[in-house]
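Colleague: First the structure, then my questions, so here it is.
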Amino acid sequence: MEEARVGVFVCDCGSNIAGFLDVPALVEYARELPHVAMALENMYTCSDAGRAEIIKGITELSLNRVVVASCTPRTHEPLFRSTCEEAGLNPYLFEFVNIRDQCSWVHMEERELGTQKAKDLIRMGVARAVLLEPKERLGIEVVRTVLVIGGGVAGLSAALTLGQLGFEVKVVEREPQLGGLLLDMHRLYPTGVSARAFVQEKVKAVLNHPRIEVLTDGELREVKGFVGNFEVTVDQQQGGELTFSVGAIIVATGAKKLKPAGLFGYDGKAVITQDELEGLLEERDGMLGTQARSVVMIQCVGTRGEIRSYCSRICCMTAVKNATHIKEANPQAQVIVLYRDMLTLGAIYENLYREARGRGVTFIQYDPQRPPTVDDGQVIVYDELLGQTLSISADLVVLSTPLAGQDSSADLAQMLKVPVDKDGFFLEAHVKLRPLDFATDGIFLCGCARWPSDVGESVSQGHGAAGRAAILLGSGVVLVEPVVSVVDEERCIGCGLCETACPYNAIVLQDVEMGRRASTVAASCKGCGVCGAGCPAMAITMQHFTNEQLCAQIDAFAEIAA
């Protein structure tokens, strides 16, 4: 191994780091560490100027290791790795030291101690960097077919986008027909078009597309494999069991409607849900308002409480839209909305709210500690603004209930090895940085499977998820991170503990000449280290996080501790 020449770049991060740590002292300290050829302070190392300094150090000072002490690798490690690669240095000879989250942000009132801790982290980072070895990404050929699970508006949008981009698509829908929740809705705001007509147009386009195959009455039974090469088994009521290969999967399973059984006298007749109101409006072409003289809508029914603590986001906008439709049909009708907080997202829906008030829709805020009651056509509510209790006669009471996660979400999540929350919604890899990706490579999500979304959001997310899958499969080869586990067959005893412990199904037992031994499926491995930590024979090595590298960090820390 060539002699290590380490460059250390310490970032001010504006005032995020420099405002709380002695950065010049950190730079001087780093210069004196073994194998460090240069140390430099940057205002923003991630800026063009900061990246140029890294490239300059690699090319002019022959740096063969780079350590950046700045913010978090979760957001910036790919940037710095690509910077090293741009300068001709293998990207895996880069080490990230987080002195923002782990020092300046948590020790704002302890400048000296925080600076000392940053020195410790930099010393440990340099010690590990010296032992880093170049790695190459693994190239795996992919199947240029995408599976879309769910035939609602999000899934249809994703399928159409992928089909138009030239990919083969298989859409699996558990219901007998495509369309999802929009089949039962009335009209969409702000266009005013029929929800059924809107989604049926997409359904027609999907059914007629030569690259899209639709499997209705289909149930996903098994998913095996890894990014670029998933083997999927679907049980179709009419066609029996089908098995096929896909390169990527998009989860667009949507959400389910919540029936408010036992709440506010719900009976499906005089007390109904917004969803059922949508059906009545569609059935009577919006003329319900001519028959209902007094309509009271109650918000946040079955949500924002102990059982379901979340806000469903779209309930307020749905109530305002339907209240407006009723007033359009009959301006003399009394429409009252009882709310805790009104959530109208964006200027378009805020304008709809103003329009509703202008048409005479009354909005009354209630205290969740004193919720409304419904008794034989009378709605009793305490008006916070007036400071008195009101009794309102209602021909129709409409309950705004949330969308809830599908009952099958947990089973599907286990099958795909992806996370799901307690409410049945799937969890993305990162809410800001990767909102349509799962942590498991090759699997994406969109629409109400992720969280309650309106039609516009669901369509946009469907396009987005399709774009993410297209980027992955477009080149025909998937590059996989080489940070994976490696099994030493001579030391492996074939006990199977690693296979059981792996959360990504990336370790399998196979019969080889030496007997039954573990083997890593590199494309599925995330380098988490669970298998290596649990191996009783110490037969598993984690590439890029070897025992020698980790022990070097520990020894470096112990230098001062001792």
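Rundown of residues vs (1) touching a helix residue (DSSP H, G or I) at 6+ places or on another chain (Cβ under 6 Å); (2) surrounded by 15 or more Cβ atoms within 10 Å (Cβ to Cβ); (3) part of a loop (DSSP other than H, G, I, E, B), yes/no style:
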| residue | (1), (2), (3) |
| --- | --- |
| ALA439 | no, yes, yes |
| TRP451 | no, yes, yes |
| ALA465 | yes, yes, no |
| ARG468 | no, yes, no |
| ILE471 | no, no, no |
| ASN505 | no, yes, yes |
| GLN553 | yes, yes, no |
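Residues checked against (1) touching a helix residue (DSSP H, G or I) at 6+ places or on another chain (Cβ under 8 Å); (2) assigned to a strand (DSSP E or B):
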residue: ALA197; (1), (2): no, no
residue: GLU201; (1), (2): no, no
residue: GLU213; (1), (2): no, yes
residue: LEU220; (1), (2): yes, yes
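Quick grid of which residues meet (1) surrounded by fewer than 16 Cβ atoms within 10 Å (Cβ to Cβ); (2) modelled with pLDDT of 95 or more:
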| residue | (1), (2) |
| --- | --- |
| THR191 | yes, no |
| SER194 | no, no |
| ASN208 | yes, yes |
| GLY240 | yes, no |
| THR243 | yes, yes |
| GLY247 | no, yes |
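Colleague: Here is a list: VAL130, VAL97, VAL126. Which entry is assigned by TED's automatic domain parsing to the domain that holds LEU33 and more than 18 Å from THR45 (Cα to Cα)?
Modeller: VAL130
Colleague: Can you tell me which of LEU385, LEU343 is in a loop (DSSP other than H, G, I, E, B), over 19 Å from PRO260 (Cα atoms) and in contact with a helix residue (DSSP H, G or I) (Cβ under 6 Å, 6 or more places away or on another chain)? Steps first, answer last, please.
Modeller: On the way: LEU385 fails: in contact with a helix residue (DSSP H, G or I) (Cβ under 6 Å, 6 or more places away or on another chain).
Result of the check over LEU385, LEU343: LEU343.
Colleague: Checking ALA154 against (1) out of contact with any helix residue (DSSP H, G or I) (no Cβ under 9 Å at 6 or more places or on another chain); (2) within 30 Å of ASP275 (Cβ to Cβ); (3) of a type outside the set (Val, Ile, Thr), which single condition isn't satisfied?
Modeller: For ALA154, the failing item is (1).
Colleague: Right, here's the next one. When you check GLU28 against the structure, is it of a type outside the set (Val, Ile, Thr), more than 21 Å from TYR92 (Cα to Cα) and at pLDDT 95 or above, yes or no? Step through it out loud before you land on a result.
Modeller: Numbers: of a type outside the set (Val, Ile, Thr): yes; more than 21 Å from TYR92 (Cα to Cα): yes; at pLDDT 95 or above: yes.
Yes.
Colleague: Please identify the pairs in which a residue from segment 141-153 that is surrounded by fewer than 24 Cβ atoms within 10 Å (Cβ to Cβ) has its Cβ atom under 7 Å from the Cβ atom of a residue that is at pLDDT below 95 and not in a loop (DSSP other than H, G, I, E, B), counting only partners at least 6 apart or on another chain.
Modeller: From segment 141-153, the pairs are GLU141/VAL477; VAL142/ASN229; VAL142/LEU473; VAL142/VAL477; VAL142/VAL478; VAL143/ASN229; ARG144/LEU473.
Colleague: Of everything in segment 94-123, what is hydrophobic (A, V, I, L, M, F, W, C) and surrounded by 22 or more Cβ atoms within 10 Å (Cβ to Cβ)? Give them in sequence order.
Modeller: Once the filter is applied, which keeps residues that are hydrophobic (A, V, I, L, M, F, W, C) and surrounded by 22 or more Cβ atoms within 10 Å (Cβ to Cβ), segment 94-123 yields PHE94, VAL97, ILE99, CYS103, ALA118, ILE122.
Colleague: Ok, one more. Given segment 1-92, what helices (runs of 4 or more DSSP H) lie entirely inside it while holding 2 or more residues that are closer than 26 Å to HIS430 by Cα?
Modeller: Values: elements: 23-31, 48-60, 73-86.
Answer list for segment 1-92: 48-60, 73-86.
Colleague: Which of the residues belonging to segment 210-222 are crowded, with 20+ Cβ neighbours inside 10 Å and either among the β-branched types (Val, Ile, Thr) or free of Cβ contacts under 8 Å to residues at least 12 places away in the same chain (or both)? Spell out how you get there, then give the answer.
Modeller: Our first condition is that a residue be crowded, with 20+ Cβ neighbours inside 10 Å; within segment 210-222, this holds for 212, 214-215, 218, 220.
Selection gives ILE212, VAL214.
Colleague: Which residues, taken from segment 303-338, are within 19 Å of ASN351 (Cβ to Cβ) and of a type in the set (Val, Ile, Thr)?
Modeller: ILE314, THR318, VAL320, THR324, ILE326, VAL335, VAL337
Colleague: Could you please tell me which pairs satisfy a Cβ distance under 8 Å, a separation of 6+ or placement on different chains, a first residue in segment 454-465 that is of a type in the set (Ser, Thr, Tyr), and a second residue that is outside any helix (DSSP H, G or I) and surrounded by 19 or more Cβ atoms within 10 Å (Cβ to Cβ)?
Modeller: Note: pairs meeting the criteria are SER458/GLY152; SER458/CYS446.
Colleague: Sticking with this structure for a sec: Within segment 54-64, does at least one residue satisfy the condition of being surrounded by fewer than 22 Cβ atoms within 10 Å (Cβ to Cβ) and without any contact (Cβ under 8 Å) to a residue 24 or more places away in the chain?
Modeller: Within segment 54-64, one or more residues are surrounded by fewer than 22 Cβ atoms within 10 Å (Cβ to Cβ) and without any contact (Cβ under 8 Å) to a residue 24 or more places away in the chain.
Colleague: Now a separate question. When only residues in segment 510-542 that are touching a residue at least 40 places away in the same chain (Cβ under 8 Å) and part of a strand (DSSP E or B) count, which is surrounded by the most Cβ atoms within 10 Å (Cβ to Cβ)?
Modeller: So, considering only residues that are touching a residue at least 40 places away in the same chain (Cβ under 8 Å) and part of a strand (DSSP E or B), the one surrounded by the most Cβ atoms within 10 Å (Cβ to Cβ) is ILE540.
Colleague: Among the residues of segment 94-113, is any touching a Phe, Trp or Tyr at 6+ places or on another chain (Cβ under 8 Å) and closer than 18 Å to ILE58 by Cβ?
Modeller: Yes; the residues of segment 94-113 include at least one that is touching a Phe, Trp or Tyr at 6+ places or on another chain (Cβ under 8 Å) and closer than 18 Å to ILE58 by Cβ.
Colleague: When you look at THR45, is it free of Cβ contacts under 8 Å to residues at least 40 places away in the same chain, under 19 Å from ILE122 (Cβ atoms) and more than 27 Å from the chain's Cα centre (by Cα), yes or no? Even if it seems obvious, please write down each step before you answer.
Modeller: On the way: free of Cβ contacts under 8 Å to residues at least 40 places away in the same chain: yes; under 19 Å from ILE122 (Cβ atoms): yes; more than 27 Å from the chain's Cα centre (by Cα): yes.
So THR45 passes the test.
Colleague: A further question on this structure: Given the condition assigned to a loop (DSSP other than H, G, I, E, B), free of Cβ contacts under 8 Å to residues at least 24 places away in the same chain and in contact with a helix residue (DSSP H, G or I) (Cβ under 9 Å, 6 or more places away or on another chain), answer yes or no: does some residue in segment 101-108 qualify?
Modeller: Yes; the residues of segment 101-108 include at least one that is assigned to a loop (DSSP other than H, G, I, E, B), free of Cβ contacts under 8 Å to residues at least 24 places away in the same chain and in contact with a helix residue (DSSP H, G or I) (Cβ under 9 Å, 6 or more places away or on another chain).
Colleague: Would you mention how many residues in segment 368-390 are surrounded by fewer than 10 Cβ atoms within 10 Å (Cβ to Cβ) and farther than 15 Å from GLN299 by Cα?
Modeller: 5
Colleague: Separate question: Counting just the residues of segment 130-184 that are in a strand (DSSP E or B) and modelled with pLDDT under 95, which one comes out farthest from LEU93 (Cα to Cα)? First the steps, then the outcome.
Modeller: First, pick out the residues of segment 130-184 that are in a strand (DSSP E or B): 138-141, 145-149, 168-173.
With the extra rule that they be modelled with pLDDT under 95, the set shrinks to 138-141.
Details: LEU138: 17, GLY139: 20, ILE140: 23, GLU141: 26 Å.
Filtering first and then ranking leaves GLU141.
Colleague: Considering ILE364, ILE326, ILE336, which residue is surrounded by 18 or more Cβ atoms within 10 Å (Cβ to Cβ), β-branched (Val, Ile, Thr) and either touching a helix residue (DSSP H, G or I) at 6+ places or on another chain (Cβ under 6 Å) or outside the structural domain of CYS300 (by TED's automatic domain parsing) (or both)?
Modeller: ILE326
The values are calculated or read from the model by the stated rules, or taken from the named source; none is laboratory data. Model, not experiment: these values are computed from the prediction. Cβ: placed from backbone, ideal geometry, glycine included. Neighbour counts: every protein chain shown.
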